[in-house]
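Colleague: Please see the structure below; I have some questions.
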Amino acid sequence: MDETSTQGKKTIRISLDAMGSDSAPRNEIEGAIDALRAAKNRFEVVFIGPEDEIKKVLSEYDPNGLNYSVVNATQVIGMNDSPVSALREKKDSTITVGLNLHKEKKVDAFVSAGNTGAVVSASTLMLGRLQRVSRPTIGAFFPSERGVTLLLDAGAVTDCKAHFLHEFAIMGSIYAQLIFQRDNPKIGLLNIGEEEEKGDELTKVAYKLLEKSSLNFVGNIEGRDVLQGKADVVVCDGFTGNVLLKFAESVIGVLKSKFTLYAERGLREKIWMGMMRGTLRKILKEFDYQEYGGVPLLGVKGITIIGHGGSTPKAIKNMILKADEMIQQNINERIESAMETMQTVPASAISSTT
């Protein structure tokens, strides 16, 4: 792998877990090729996995002229593997090898549609945390009336402290500024009511921290407010966030099923559904996780994008493009700077959180 491109500039390299998805490595390879072509070969994709198998599938897609390389890895961490045990026992897994390259600064990002717990654990242990970040957080994207809403945390930290939520809000604010292009993003705290006194001890203390911060905190928001876009960034504990995310992922499937059943009622309904097909497709597209690709793990010393196990080539493509965008925006440098200037949490407040 060359250190520079023909123009003398450092080439961005993105390592891809080629065995992460349910349809690996074909979906990963097809998605990566589509990403390289869409980006006009601006970066290099480093496929991580069994070299012979990857090269065999690659040969079916005419990859000549594309900027890629292959690094051999002989093991795969399955979806049902215990993250901690698998990382200890499978030293030559695609996740471990890919993140080792990132740790050694041989690549600039790591993308995987594999075992989420293993990717989060390995990224945290191997890359380390950014300065002043207590816990890394997984982001999730929700369509809203104002565009896209970022939710933090979506499952990385189920046992939260109030100052974790404050840190999530800072990282989310920077992400929304750089990736969503939102000036002074609105930050909302997910709660069971809008009033300040609502919620449990965690949300009450978090409210006070966010209220005193320099963030554009708009107060508590309820579940119905997420899709209305009342906040650009919504913060909550990982347990709540993951439940909300999994519920949202089921919406598109339910709607498609309902539309199909409606069309089967009779000829008139079938004709009407045929006339509305284009409009419905555009609406449902916003709820399709493939459009967002994967979710970022914010707070680690690197770029990690985590995808759904059922990721299609389109989803893989968008994951890679998102990693490239985060690199281009120097998002980690901006997060560390913001954590330094915006994180003014009294020690008494931290010690009192649960």
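Colleague: Against the condition small (Gly, Ala, Ser), more than 15 Å from Asn332 (Cβ to Cβ), in contact with an Asp or Glu (Cβ under 6 Å, 6 or more places away or on another chain) and touching a residue at least 12 places away in the same chain (Cβ under 8 Å), how does Gly114 come out, does it pass?
Modeller: On the way: small (Gly, Ala, Ser): yes; more than 15 Å from Asn332 (Cβ to Cβ): yes; in contact with an Asp or Glu (Cβ under 6 Å, 6 or more places away or on another chain): yes; touching a residue at least 12 places away in the same chain (Cβ under 8 Å): yes.
Criteria met by Gly114.
Colleague: Output the residues belonging to the range 210-266 that are assigned to a helix (DSSP H, G or I) and of a type in the set (Lys, Arg).
Modeller: If we filter the range 210-266 for residues that are assigned to a helix (DSSP H, G or I), which is where we start, we get 210-212, 223-228, 238-263.
Hits for the range 210-266 are Lys212, Arg224, Lys246, Lys256, Lys258.
Colleague: Do we find a residue being out of contact with any strand residue (DSSP E or B) (no Cβ under 8 Å at 6 or more places or on another chain), basic (Lys, Arg), surrounded by 14 or more Cβ atoms within 10 Å (Cβ to Cβ) and over 27 Å from Gly147 (Cβ atoms) anywhere in the range 189-207?
Modeller: Yes, there is a match, as at least one residue in the range 189-207 is out of contact with any strand residue (DSSP E or B) (no Cβ under 8 Å at 6 or more places or on another chain), basic (Lys, Arg), surrounded by 14 or more Cβ atoms within 10 Å (Cβ to Cβ) and over 27 Å from Gly147 (Cβ atoms).
Colleague: Can you find, within the range 1-26, the residue that is modelled with the lowest pLDDT among those that are surrounded by fewer than 24 Cβ atoms within 10 Å (Cβ to Cβ) and outside any loop (DSSP other than H, G, I, E, B)?
Modeller: So the residue we want is Thr4.
Colleague: When you scan the range 28-51, how many residues do you find that are touching a residue at least 40 places away in the same chain (Cβ under 8 Å) and farther than 25 Å from Gln328 by Cβ?
Modeller: 1
Colleague: Exactly one of these conditions fails for Ser123: (1) in a helix (DSSP H, G or I); (2) closer than 23 Å to Asn332 by Cβ; (3) without any contact (Cβ under 8 Å) to a residue 60 or more places away in the chain. Give me its number.
Modeller: Answer for Ser123: the failing condition is (3).
Colleague: Across the range 105-120, what is the total count of residues that are more than 26 Å from Met342 (Cα to Cα), in contact with a helix residue (DSSP H, G or I) (Cβ under 8 Å, 6 or more places away or on another chain) and assigned to a helix (DSSP H, G or I)?
Modeller: The total comes to 3.
Colleague: I need a count of the residues in the range 292-316 that are closer than 14 Å to Arg129 by Cβ and out of contact with any Pro (no Cβ under 9 Å at 6 or more places or on another chain).
Modeller: Here the count works out to 2.
Colleague: Being acidic (Asp, Glu), under 23 Å from Val84 (Cα atoms) and either in contact with a helix residue (DSSP H, G or I) (Cβ under 8 Å, 6 or more places away or on another chain) or surrounded by 21 or more Cβ atoms within 10 Å (Cβ to Cβ) (or both) is the requirement here; does Asp153 meet it? Lay out the reasoning, then the answer.
Modeller: On the way: acidic (Asp, Glu): yes; under 23 Å from Val84 (Cα atoms): yes; either in contact with a helix residue (DSSP H, G or I) (Cβ under 8 Å, 6 or more places away or on another chain) or surrounded by 21 or more Cβ atoms within 10 Å (Cβ to Cβ) (or both): yes.
Answer is yes for this residue.
Colleague: Right, another one. Going residue by residue through the range 51-63, is there one that turns out to be outside any helix (DSSP H, G or I), farther than 15 Å from Leu101 by Cβ and of a type in the set (D, E, K, R)?
Modeller: Of all residues in the range 51-63, those outside any helix (DSSP H, G or I) come to 62-63.
Next, only the ones that are farther than 15 Å from Leu101 by Cβ stay: 62-63.
Pick out the ones that are also of a type in the set (D, E, K, R) and you get 62.
The answer is yes; a qualifying residue exists.
Colleague: In the set Ile54, Ile77, which member is in contact (Cβ under 8 Å) with a residue 40 or more places away in the chain and surrounded by 22 or more Cβ atoms within 10 Å (Cβ to Cβ)?
Modeller: Working: Ile54 fails: in contact (Cβ under 8 Å) with a residue 40 or more places away in the chain.
Among Ile54, Ile77, only Ile77 is in contact (Cβ under 8 Å) with a residue 40 or more places away in the chain and surrounded by 22 or more Cβ atoms within 10 Å (Cβ to Cβ).
Colleague: Restricting to the range 60-104, what's the tally of residues that are modelled with pLDDT under 95 and among the hydroxyl-bearing types (Ser, Thr, Tyr)?
Modeller: 3
Colleague: Would you please name the residue that is modelled with the lowest pLDDT, looking only at residues in the range 296-351 that are assigned to a loop (DSSP other than H, G, I, E, B) and either touching a Lys or Arg at 6+ places or on another chain (Cβ under 7 Å) or basic (Lys, Arg) (or both)? Explain how you work it out, then say what you get.
Modeller: Residues of the range 296-351 assigned to a loop (DSSP other than H, G, I, E, B): 299, 301-303, 308-312, 329-330, 343-346.
Adding the requirement that they be either touching a Lys or Arg at 6+ places or on another chain (Cβ under 7 Å) or basic (Lys, Arg) (or both) leaves 299, 301, 343.
Working: Gly299: 97, Lys301: 97, Gln343: 56.
Within the range 296-351, the match that is modelled with the lowest pLDDT is Gln343.
The values are calculated or read from the model by the stated rules, or taken from the named source; none is laboratory data. These numbers come from a predicted model, not from an experiment. Heads up, the Cβs are rebuilt from the backbone with ideal geometry, glycines too, and the neighbour counts pull from every protein chain shown.
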